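Have a look at the structure below, then the notes.
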Amino acid sequence: MLTVDALSRLLDALRSTGYRTLGPTVRDGVIAYSEITTADDLPHGVVDDQGPGHYRLLPADAGYFDALPGQASWKEVLFPPLESLWTAETVDGVLRFTERSPRDTKVALVGARACELAAIAVQDAVFVDGPAPEPRYARRRGDIFVIAVECCRAAPTCFCTSVGTGPRVNPGTSADIVLTELPGTGFVARPDTARGRAVIESLGVRPATVPEMEEAVDRVAATSSSITRRLDTEGLQASLREAAGLDAWGDLEQRCLACGNCTAVCPTCFCSSAVDTASLDGAVAGRSREWASCFTLDYSYMAGHRVRTSVGARYRHWITHKLSTWIDQFGMLGCVGCGRCITWCPVGIDIVAEAARVRKVAQSA
């Protein structure tokens, strides 16, 4: 059983062994992941109010992890939105290439949710176990220590129960330690790895009592029961595939702004582009990688043409990949039910509602 003070000492223990501790903080009116040194840096006393196209933080008599994640995801740490790959510089008439390696790879992720751990597993399937492994991702991934948190409240946009990714953190995930917050008491801490157990034992904390463990289980179960948004995945893969050529997407032309918010906040979207730059005198050049979105007009440019010129076609590509063809590629859904794409869509387009609508069109065709 960890008190708030013991949680701060846990962070100290990780920092003393070289880990950079990142966790949820309040920044610019949202929950963002930043460096934390004590439990006081966590968003204690605020909760999120969110829905389709709506997000606010409100003061409340709340715990340290009651405010659910905002637009940020741990993808930003493992697969940064902008990263320098290499630079080239002419020195004394000789062209020298320098590869840019990741820095700050020894990182502790504090407060990772069950859906976020599922998202990391999806990215692992792409960047570690996929056909083209990404060495920078693999290097960062190998050095993380994960302190997960089970959700004791849910947002109206959550649908993790539909895809089996939460709110409980199941054993065998990438978590080293799993916390469940008990109001006014502290945190029931469950080590899921040997190194997680070693860190907890080094703190000299007392074991949780049976009533405390039961309360922790009950709080997570109540959260699960409170989630009412449902994505029916039975037969969805086939329905979306069959709907590809049907008149099921035109309405999105008027609603979707093609802004790419959904792909930016999604913790599993992995598309990127290479960007080359050069100084005006040509002495220095470089290549960077930056996130890309399939909602941009040029994303599907090939052989002199853009394949998906309409907004409806781009949304069709995104949702079909996320909920159908991703399974063909990686053997799993590309969606973890976090609901970020619903909350952060400026016009509140709901992936769950769209999937149900498209399924209905496909079934009636």
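The values are calculated or read from the model by the stated rules, or taken from the named source; none is laboratory data. Computed from a prediction, not measured in an experiment: that's the story for all the values here. Because the Cβ atoms are built from the backbone with ideal geometry, glycine has one as well, and the counts that use them run over all protein chains shown. Note: areas computed on protein heavy atoms with side chains; ligands, DNA, RNA excluded. Shrake-Rupley method; radii C 1.70, N 1.55, O 1.52, S 1.80 Å.
Here the chain is treated with +1 on each Lys and Arg Cβ and -1 on each Asp and Glu Cβ, and its dipole about the Cα centre works out to around 600 debye. Under the criterion of Cα pairs below 8 Å and six or more residues apart, the relative contact order for the chain equals 21 percent. With 0.36 nm allotted per residue and the present C-alpha distance subtracted, the Glu35-His305 stretch has 92.8 nm of extension available. For the Cα trace of segment 20-175, dividing Rg by the Kirkwood Rh returns an Rg/Rh value of 1.05. Ignoring aspartates and glutamates fewer than eight residues from Lys360 along the same chain, the ones with Cα atoms less than 16 angstrom from its Cα are Asp232, Glu234, Glu242, Asp247, Asp251, Asp350.
If the segment from Glu214 to Glu201 were pulled out straight at 0.36 nm per residue, it would be longer than the present Cα-Cα gap by 2.5 nm.
Across the accessible surface of segment 136-282, with the other protein chains kept in place and a 1.4 Å probe, carbon and sulfur atoms take up 53 percent. Note on segment 100-234: dipole from Cβ charges, positive end direction compared against Pro131, Gly196, Ser224; the farthest Cα belongs to Pro131.
Using the 1.4 Å probe convention, the accessible area of the chain works out to 46 Å² per residue with neighbouring protein chains retained.
As a fraction of the 1.4 Å probe accessible area of segment 1-117, surface on carbon and sulfur atoms comes out at 48 percent. Close amide H partners of Gly186, meaning residues 5 or more places away or on another chain with modelled amide H under 5 Å apart, do not exist here.
Nearest 500 deg cm²/dmol is fine: what mean residue ellipticity at 222 nm does the chain get from its DSSP H runs of n ≥ 4 alone, each adding -39,500 (n - 2.57), divided by its residue count?
Values: 14 runs with 118 residues, N = 365.
Here the helix-only value at 222 nm equals -9000 deg cm²/dmol.
Working note: Cα atoms of segment 217-365, range along each principal axis, descending, whole Å: 63, 45, 31. Quickly work out the Leu95-to-Ala238 label distance, labels modelled 7 Å from Cα along the C-beta direction, and quote it in nm with one decimal. Result: 5.5 nm between the two label points. For segment 220-286 versus segment 31-63, the spacing of their alpha-carbon centroids is 25 Å.
Starting from the exponent 0.38 and prefactor 2.2 Å, build the expected Rg for segment 41-104 from its residue count and divide its actual Cα Rg by it.
Expressed relative to 2.2 N^0.38 Å, the Cα Rg reads 1.96.
Only lysines eight or more places from Lys75 in sequence, or on another chain, were considered; those with a Cα closer than 24 Å are Lys106, Lys322. With contacts taken as Cα pairs under 8 Å and at least 6 residues apart, segment 29-68 reaches a relative contact order of 42 percent.
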